[in-house]
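One structure below.
The values are calculated or read from the model by the stated rules, or taken from the named source; none is laboratory data. Computed from a predicted model, the values in this text were never measured in an experiment. Glycine also receives a Cβ, built like all others from the backbone with ideal geometry; neighbour counts cover every protein chain displayed. The protein model used for the area step is the full one, side chains on, heavy atoms only, and it has no ligands, DNA or RNA in it. Shrake-Rupley method; radii C 1.70, N 1.55, O 1.52, S 1.80 Å.
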Amino acid sequence: MICLGLESTAHTFGAGIFDGKARANEKDMYKAVGIHPREASQYMTTNAPAVIKKALSKAGITLEDVDVFAFSRGPGLGPCLRVSSVLARTFSEYFRKPLVGVNHCIAHVEVGKWEKRMKDPLVIYVSGANTQILGLAGGKYRVYGETLDMGLGNALDTFAREYGIPLPGGAEIERLAEGGKLMPMPYTVKGMDLAFSGLLTAAKKAAKTHSKKDVCYSLQENAFTMLVEVSERALAHTKKKELMLVGGVAQNKRLRSMLEEMCRDHKAEFGVPENEYNADNGLMIALTGWKMAKAGITGAGPVDQKWRTDDVDVSW
Ligand code: AMP
Ligand code: MG
């Protein structure tokens with residue numbers, strides 16, 4: 001069974017092909033100071049055909065050979081989501097093959113599990129817009145903890161603008177933070193949930209009077225420690241033996257080392273997928289769509305900008 005997966009939740013248009021093995025994973029990214037949803041979707045509409053053609057030629061197949069068409073149905077930006085939705089629906093109708101709507105967050109988890117060969121990890125998903133601690137229990141990816149306001153990546157990106165750092169700013173903040181000193185800043189953990197807006201406001205204020213190094217360091221240390229605290233609690237309670245870090249913020253070395261240390265204490269294995277699979281991509285949609293179709297789960301409703309991870313029955 002060959003599945004073509006299309007991703008277009010935010011800035012990346014991706015086309016992946018999976019048939020039990022990864023056959024292709026092509027992408028094109030909309031780049032700007034911020035994501036303008038309509039402009040991003042126009043960029044994707046213009047460039048999608050080339051990305052899909054490249055994926056098909058990498059896999060050595062044509063559209064007629066595809067057995068299942070999968071797309072990222074949500075969560076994400078409406079205009080962007082509709083690009084892969086319209087394409088996949090059209091292909092599915094035209095070639096009379098099943099359609100599968102895939103949850104983007106779950107696809108991040110599934111492709112990570114596949115690549116890291118993990119069986120049942122606790123997952124920390126930290127991207128621009130999302131921050132969730134997830135784990136499979138009773139047929140659903142349960143959300144053990146999550147942000148109550150913004151995603152951690154967006155908090156870093158918003159702060160980065162104070163220094164005129166263009167989007168995405170997380171990597172540059174990581175570089176600036178090296179060797180900084182810790183200053184007191186808000187630390188907001190509410191039960192198992194997190195909030196970053198107080199920390200962000202404090203960091204913006206401190207940026208006017210303190211050194212870049214110390215402010216970036218303190219912002220990172222507070223945000224990451226909050227995340228490690230709830231993750232450790234989730235790991236201890238669920239007794240899972242694997243911890244996987246996914247999403248764009250997973251590239252941060254400081255965050256990785258803090259989590260590695262915590263995992264050592266709990267004798268849990270720690271893994272981060274390779275960037276090709278960790279950043280938004282088409283293969284994660286193809287792989288998840290393939291698994292779902294194999295289990296007989298096909299069909300898809302309209303795109304859902306706020307589709308929650310714990311709304312999906314994981315019966316594959
Ligand atoms: P995604 O939404 O998964 O594409 O991830 C993008 C987010 O990852 C942006 O908010 C970036 O600022 C963030 N990011 C990328 N590299 C790093 C890094 N080295 N440290 C922290 N955040 C990062
Ligand atoms: Mg993503």
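Going by the conditions given, is Thr209 over 19 Å from Asn154 (Cβ atoms) and of a type in the set (Ser, Thr, Tyr)? Before the answer, list the steps.
Numbers: over 19 Å from Asn154 (Cβ atoms): yes; of a type in the set (Ser, Thr, Tyr): yes.
Here the answer is yes, as Thr209 does meet what is asked.
Looking at segment 284-316, which of its residues are over 21 Å from Arg142 (Cα atoms) and open to solvent by less than 50 Å² (accessible area, probe 1.4 Å)?
Hits for segment 284-316 are Ala286, Trp290, Ala293, Gly299, Ala300, Gly301, Val303.
Just to verify a result, which residue in segment 188-211, among those that are of a type in the set (D, E, K, R) and surrounded by 15 or more Cβ atoms within 10 Å (Cβ to Cβ), is farthest from Arg233 (Cα to Cα)?
Selected residue: Lys204.
Restricting the search to segment 89-126, which residues are assigned to a loop (DSSP other than H, G, I, E, B), open to solvent by less than 20 Å² (accessible area, probe 1.4 Å) and in contact with a Leu (Cβ under 7 Å, 6 or more places away or on another chain)?
Once the filter is applied, which keeps residues that are assigned to a loop (DSSP other than H, G, I, E, B), open to solvent by less than 20 Å² (accessible area, probe 1.4 Å) and in contact with a Leu (Cβ under 7 Å, 6 or more places away or on another chain), segment 89-126 yields only Pro121.
Restricted to segment 156-170, and to residues that are more than 16 Å from ligand 2 (Cβ to nearest atom) and of a type in the set (A, V, I, L, M), which residue is least open to solvent (accessible area, probe 1.4 Å)?
Residue satisfying both the conditions and the ranking: Ala160.
Got a sec? Which of Ser41, Ser84 is touching a residue at least 40 places away in the same chain (Cβ under 8 Å), surrounded by 24 or more Cβ atoms within 10 Å (Cβ to Cβ) and among the hydroxyl-bearing types (Ser, Thr, Tyr)?
Unique residue meeting the criteria: Ser84.
If a residue has to be under 26 Å from Lys240 (Cα atoms) and not acidic (Asp, Glu) to count, how many in segment 291-312 make the cut? Spell out the reasoning first.
Just the residues of segment 291-312 that are under 26 Å from Lys240 (Cα atoms), to begin with: 291-292, 295, 307-312.
In the following step, the residues that additionally are not acidic (Asp, Glu) were identified as 291-292, 295, 307-309, 312.
Qualifying residue count for the region: 7.
Go through (1) out of contact with any strand residue (DSSP E or B) (no Cβ under 8 Å at 6 or more places or on another chain); (2) within 16 Å of ligand 1 (Cβ to nearest atom); (3) not aromatic (Phe, Trp, Tyr) for Lys294 and report which single condition fails.
All conditions pass for Lys294, except number (2).
What pairs come out if I take residues in segment 124-143 that are closer than 20 Å to Phe270 by Cβ and outside the structural domain of Gly247 (by TED's automatic domain parsing) and pair them with residues that are within 12 Å of ligand 2 (Cβ to nearest atom) and open to solvent by 40 Å² or more (accessible area, probe 1.4 Å) whose C-beta lies under 6 Å away, six or more apart or interchain?
If the second residue must be within 12 Å of ligand 2 (Cβ to nearest atom) and open to solvent by 40 Å² or more (accessible area, probe 1.4 Å), no pairs are left.
Do we find a residue being surrounded by fewer than 18 Cβ atoms within 10 Å (Cβ to Cβ) and in a loop (DSSP other than H, G, I, E, B) anywhere in segment 222-242?
Yes, there is a match, as at least one residue in segment 222-242 is surrounded by fewer than 18 Cβ atoms within 10 Å (Cβ to Cβ) and in a loop (DSSP other than H, G, I, E, B).
Quick one: in segment 243-283, which of the residues that are among the small types (Gly, Ala, Ser) and closer than 23 Å to Lys190 by Cα is surrounded by the fewest Cβ atoms within 10 Å (Cβ to Cβ)?
Ala250
Of the residues that sit in segment 173-182 and are open to solvent by 30 Å² or more (accessible area, probe 1.4 Å) and free of Cβ contacts under 8 Å to residues at least 60 places away in the same chain, which one is nearest to Asn252 (Cα to Cα)?
Among those that are open to solvent by 30 Å² or more (accessible area, probe 1.4 Å) and free of Cβ contacts under 8 Å to residues at least 60 places away in the same chain, it is Arg175.
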